[in-house]
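This report refers to the structure that appears directly beneath it.
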Amino acid sequence: MNGNFEPEERVMSDVAWEEDGVMDRVQEIIETLGWDSEDDIQVEIGGTVVSGIHQGENYNKKWATPFGVRKYNKDAFIIISNQSRRDLTGSKPMDREHKPQHPYTPPSEEQEIVVNMDGGVGGSWEVKEES
C-alpha cells in the first residue's frame, strides 16, 4: 500500500474483499453507528508526514526528505469520519455561577514558610548555642 487511492490501482489485497473480510467488517460498523448513504463520509490516511524543509543540493538522501514529499509511517492508519454528524457548535458558558469545591486562594505576600529542624514542614524551631 503506497497511499494512492486511484481507481485503477489495487490498494488492498483480495483478502479484504472476501467473505467476512475487512470491507464486511467496515460495513457492519457503519450499520452499527447508524450511518446512511446520504451522509458525507470521508476517508483519510493518518500516520503520515510531509517534509516542510527545503533541502540544499548536497543533502543526505538517506535521512532527509525533499520538500513536499509525503512519507507513510509503518503504523499508518485509515480514518473514516462522518462529516454530516459532526457537532460544530462552540462551547457554551455554564448556566449557573461557577463555584468550585476547592476555590483558589492566591498566597499572600506576607506568608511565611516555617521549616522544622527535624525535616518536617510546619511548627517552629530555634537555634541554641552549645554549652
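Within region 54-70, how many residues turn out to be touching a Ser or Thr at 6+ places or on another chain (Cβ under 6 Å) and among the basic types (Lys, Arg)?
Step one: list which residues in region 54-70 are touching a Ser or Thr at 6+ places or on another chain (Cβ under 6 Å), which gives 65, 67, 69-70.
Restricting the remaining residues to those that are among the basic types (Lys, Arg) gives 70.
So the count comes out to 1.
The rows are residues; the columns are (1) modelled with pLDDT of 65 or more; (2) basic (Lys, Arg); (3) assigned to a loop (DSSP other than H, G, I, E, B); (4) over 30 Å from GLY34 (Cβ atoms).
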| residue | (1), (2), (3), (4) |
| --- | --- |
| SER91 | yes, no, yes, no |
| HIS98 | yes, no, yes, yes |
| PRO103 | yes, no, yes, yes |
| PRO106 | yes, no, yes, yes |
| GLN111 | no, no, yes, yes |
| GLY119 | no, no, yes, yes |
| VAL127 | no, no, yes, yes |
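Residues checked against (1) part of a loop (DSSP other than H, G, I, E, B); (2) at negative phi; (3) at pLDDT 85 or above; (4) surrounded by 11 or more Cβ atoms within 10 Å (Cβ to Cβ):
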{"position": "ASN2", "(1), (2), (3), (4)": "yes, yes, no, no"}
{"position": "MET12", "(1), (2), (3), (4)": "yes, yes, no, yes"}
{"position": "ARG25", "(1), (2), (3), (4)": "no, yes, yes, yes"}
{"position": "THR32", "(1), (2), (3), (4)": "no, yes, yes, no"}
{"position": "VAL49", "(1), (2), (3), (4)": "no, yes, yes, yes"}
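Provide a single number: the residues in region 39-96 that are touching a residue at least 40 places away in the same chain (Cβ under 8 Å) and of a type in the set (Phe, Trp, Tyr). Spell out how you get there, then give the answer.
From region 39-96, those touching a residue at least 40 places away in the same chain (Cβ under 8 Å) are 39-42, 45, 48, 70, 72, 76, 80-85; that's our starting set.
Subsequent filtering for residues that are of a type in the set (Phe, Trp, Tyr) retains 72.
Final tally of qualifying residues: 1.
The values are calculated or read from the model by the stated rules, or taken from the named source; none is laboratory data. All values derive from a computational prediction rather than experimental measurement. Here the Cβ is made from the backbone with ideal geometry for all residues, glycine too, and neighbour counts use every protein chain on show.
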